[in-house]
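Below is one structure, written out as structure tokens; comments come after it.
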Amino acid sequence: MIAMNLYSVLFLAFLGLMWILEVWLARRQFRHVRLHRAQVPLLFQDHISLAAHQKAADYTVAKLQVGIASKGLGIAIVLLWTLGGGLTWLDSLWRKLGWSDLGTGVAVLLSFVLIGTLLELPVRIYRTFVLEQKFGFNRMTGTLFFQDFLKQGALMLMLGVPLAAGALWLMEHAGNYWWLYLWLSWLGFVFLMMWAYPAFIAPLFNTFTPLPDESLRQRVEGLLARCGFKSQGIFVMDGSRRSGHGNAYFTGLGNNKRIVFFDTLLESLNPEQIEAVLAHELGHFKRRHIFKNLSMMALLSFAGLALLGWLSAQPAFYQGLGVGYPSHYMALALFMLVAPVLTFFLHPLLTYLSRRYEFEADEFAVNMTHSQALAQALVKLYQENAGTLTPDPLHSAVYDSHPPAPVRLAHLQARGAS
Ligand SMILES: [Zn+2]
């Protein structure tokens, strides 16, 4: 039934190359982390114990093992959907109901995403209740996990139905340049979500309370004033409901901008260090990283949708990827499967940009606060999150959005000394 053609060969070649590179990089990372397990790097010897360093190494290795197993499973699932005939099977199942093209399309796309989510569920359960549990990070209960899953499902339906219907309508009615209109609508959707997320979506999963500590609040407001930054408030999020990992982030758009601290972060850092972490986050904003990341996303989705516009008109594209009957919704489903394989090869570029932004944000923080505070905060966060201090340089270059700890610390020390 499946006629192999150029598209099948290209698809299998990219998929195979991705898998070989992923396994090769993982093996390098295993070797590197194990090689440096016996000794804390010189720069950290005064701050991090050998036990903490070895816990970080074991955690990194364990995460990597689950990661590689999950990626292997992911590739098997992609092959089953495409060349294995899974998409054609799902399509014929819904077609039997005799609905309109639009109704069938929305049903196929949503059930495709739902089945994908269910297939990934065992890995998610394993990560939370075995891996994170073993290293003492999990705070999630079975009930909360199940509630989260239901809420995410409901949210996916509420957002997914109009999104899928809108995309299919444009593909049907907007002429040859439907992909251009789809791109514009997609950008609009992304901006809407960025604006709506802090006010309407995040509160479904967590509780946000205004920062209660008066002296810390004044310190933070002082920093905001020095940086000329206006926000809708500083909030504490009950991150400890789910995990022991700590973080701080920026969220929202325009008049809906907020600064969010995880309660776990506030527990582990002193006020001076918290101020430094916030200054780093402000650095991302002040150096226009958020705008640059959005522009990159817009550029990539433009290229992706232009490619889809062309591919969806080639009958051989569907045939080569195991789809019996070409349709707009099958083009979208195939795109969702193929896009991650292609973007994998962009990882080194995207992580390079991200690491450059991290250095710039660190520099901003050092100029705005005490240079030592950020370094202390980072060492503490690496320790508490059991992040490895000795990643393989090549693995790190492909995957890590943040520079390796020794490199980042060395940069900070150089700034602080000058
Ligand atoms: Zn950052």
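The values are calculated or read from the model by the stated rules, or taken from the named source; none is laboratory data. Computed from a predicted structure; not experimentally measured. Glycine gets a Cβ as well: all are built from the backbone with ideal geometry, and neighbour counts include every protein chain shown. Please note that ligands, DNA and RNA were not included when accessible areas were found on the heavy atoms of the full protein model with its side chains. Shrake-Rupley method; radii C 1.70, N 1.55, O 1.52, S 1.80 Å.
Okay, here's what the table says:
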quantity: Candidate set from segment 289-305 (those that are at pLDDT 95 or above and open to solvent by less than 30 Å² (accessible area, probe 1.4 Å)); member that is nearest to Trp179 (Cα to Cα); calculated: Leu305
quantity: Residue under evaluation Phe345, criteria (1) more than 16 Å from the ligand (Cβ to nearest atom); (2) touching a Pro at 6+ places or on another chain (Cβ under 8 Å); (3) open to solvent by 30 Å² or more (accessible area, probe 1.4 Å), criterion not met; calculated: (2)
quantity: Near pairs, Cβ below 6 angstrom, 6+ apart or cross-chain, from segment 375-388 (hydroxyl-bearing (Ser, Thr, Tyr)) to any residue that is part of a helix (DSSP H, G or I); calculated: Tyr382/Ala405; Thr388/Val33; Thr388/Ala56; Thr388/Thr60
quantity: Single residue of Leu321, Leu353, Leu337 found to be open to solvent by less than 50 Å² (accessible area, probe 1.4 Å), over 18 Å from the mean Cα position of the chain (by Cα) and either away from the ligand (no atom under 16 Å from the Cβ) or not polar (S, T, N, Q) (or both); calculated: Leu321
quantity: When residues of segment 253-288 are limited to those that are open to solvent by 10 Å² or more (accessible area, probe 1.4 Å), closer than 30 Å to Phe191 by Cβ and not in a helix (DSSP H, G or I), the one nearest to the ligand (Cβ to nearest atom); calculated: Arg287
quantity: Residue in segment 236-252 that is surrounded by 22 or more Cβ atoms within 10 Å (Cβ to Cβ), within 15 Å of the ligand (Cβ to nearest atom) and of a type outside the set (A, V, I, L, M) present; calculated: no
quantity: Test: residue in segment 5-18 that is hydroxyl-bearing (Ser, Thr, Tyr) and open to solvent by 40 Å² or more (accessible area, probe 1.4 Å); calculated: yes
quantity: Meets criteria (under 18 Å from the mean Cα position of the chain (by Cα), assigned to a helix (DSSP H, G or I) and more than 16 Å from the ligand (Cβ to nearest atom)) for Ser301; calculated: yes
quantity: Count of segment 43-60 residues which are open to solvent by less than 20 Å² (accessible area, probe 1.4 Å) and either outside any helix (DSSP H, G or I) or of a type in the set (A, V, I, L, M) (or both); calculated: 3
quantity: Residue within segment 288-303 that is of a type in the set (A, V, I, L, M, F, W, C) and under 30 Å from Leu93 (Cα atoms) present; calculated: no
quantity: Some residue of segment 245-255 being of a type in the set (A, V, I, L, M) and under 19 Å from Glu384 (Cα atoms); calculated: yes
quantity: Scan of segment 130-141 for residues that are touching a helix residue (DSSP H, G or I) at 6+ places or on another chain (Cβ under 8 Å), open to solvent by 30 Å² or more (accessible area, probe 1.4 Å) and at pLDDT 95 or above, ordered by number; calculated: Lys134
quantity: In segment 63-83, the residues that are surrounded by 17 or more Cβ atoms within 10 Å (Cβ to Cβ), within 30 Å of Phe135 (Cα to Cα) and over 19 Å from the mean Cα position of the chain (by Cα); calculated: Ile77
quantity: Per-region count, segment 383-418, residues away from the ligand (no atom under 16 Å from the Cβ) and among the hydrophobic types (A, V, I, L, M, F, W, C); calculated: 8
quantity: Residue within segment 301-320 that is over 29 Å from Leu184 (Cβ atoms) and touching a Phe, Trp or Tyr at 6+ places or on another chain (Cβ under 9 Å) present; calculated: yes
quantity: Test: residue in segment 208-217 that is open to solvent by less than 60 Å² (accessible area, probe 1.4 Å) and closer than 30 Å to Gln65 by Cβ; calculated: no
